[in-house]
Amino acid sequence: MKKGTLTILSGFSGAGKGTVMKAMLAKYEDRYALSVSATSRKPRAGEVDGREYFFKTKEEFEELIAGEKLIEYAKYVDNYYGTPAEYVEQQRNAGKDVLLEIEVQGALQVKEKYPEALLIFLTPPSVEELKKRLIGRGTEEMDVIEQRLSRAKEEAVYMDRYEYIVVNDTVDACVERIHRLIQSQHDLAYYRQDLIAGMREELNRLVG
Ligand code: 5GP
């Protein structure tokens, strides 16, 4: 079984990450596994524990940190968010391409631990559009929107640490671009170690 790839999708709050991820999973359901994060933030209307997030108290979250159960974690607008390690390992070992939808601090932590990880930053076409989408979502109070915009300003500093910047103009086009980027990862030498070892062995036998 070939090991699955690991892709991190970040982007400003309101960039449409959630929508793009859902569309990717719907279109290529056998290929991808989306990691479900743990968070200490309160569920939004319609969110289900274990589906959007594993909702934890601050204390429970701190136990996960202490028990080294997370690949990475970060604080974002006063709440903890982190990626449980077990699921990511299991799914990659089962050959699935794993997707993490996380913010920049966590993304850079993952890249340090897993240099083969692919870093993609998703952005709306303009700041004007970003603001419109944040307000249009209607799930947040105005002060939270302000906080998220100021967080976006901080995150923009790290945009060039990502390998690819994908502009979210239409969801379909975005899904295709991201799908192609991820699928080309299977040709990284990292995922071809068996083939490389086999070639070397045969050549050694042949040439002596
Ligand atoms: P939201 O509260 O809108 O669901 O998420 C806020 C931010 O937290 C988003 O940028 C999202 O990508 C990020 N996030 C979600 N899960 C994780 C995680 O496991 N780790 C990190 N570092 N960030 C996360």
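The values are calculated or read from the model by the stated rules, or taken from the named source; none is laboratory data. Just so it is clear, the model here is predicted, and its values are computed rather than measured. Here Cβ is always computed from backbone atoms with ideal geometry, including for glycine, and neighbour counts include all displayed protein chains.
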_the range 90-117 residues that are under 22 Å from Tyr158 (Cα atoms), paired with ones that are away from the ligand (no atom under 15 Å from the Cβ) (beta carbon under 7 Å, 6 or more apart)_ = Leu99/Tyr32; Glu116/Leu188; Glu116/Tyr190
*asked:* If Arg205 meets every condition in (1) in contact with a His (Cβ under 9 Å, 6 or more places away or on another chain); (2) more than 23 Å from Met1 (Cβ to Cβ); (3) basic (Lys, Arg) apart from one, which number is that one?
replied: (1)
*Looking at Val175, is it at pLDDT 95 or above and within 15 Å of the ligand (Cβ to nearest atom)?*
no
*With Arg192, Arg161, Arg148 as the choices, which residue is basic (Lys, Arg), surrounded by 11 or more Cβ atoms within 10 Å (Cβ to Cβ) and more than 23 Å from Gly106 (Cα to Cα)?*
Arg192
_Residues to consider are Glu163, Glu129; find the one that is modelled with pLDDT of 90 or more and under 26 Å from Tyr32 (Cα atoms)._
Glu163
*Of the conditions (1) polar (S, T, N, Q); (2) in contact with a His (Cβ under 8 Å, 6 or more places away or on another chain); (3) modelled with pLDDT under 95, Thr5 fails just one. Which one is it?*
(3)
*asked:* List the helices (runs of 4 or more DSSP H) inside the range 1-117, counting only whole elements, that have at least 3 residues being more than 11 Å from the ligand (Cβ to nearest atom) and more than 23 Å from Glu163 (Cα to Cα).
replied: 58-66, 85-93
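For Ser35, state whether it is touching a Phe, Trp or Tyr at 6+ places or on another chain (Cβ under 7 Å) and under 25 Å from Asp172 (Cα atoms).
The answer is yes for Ser35.
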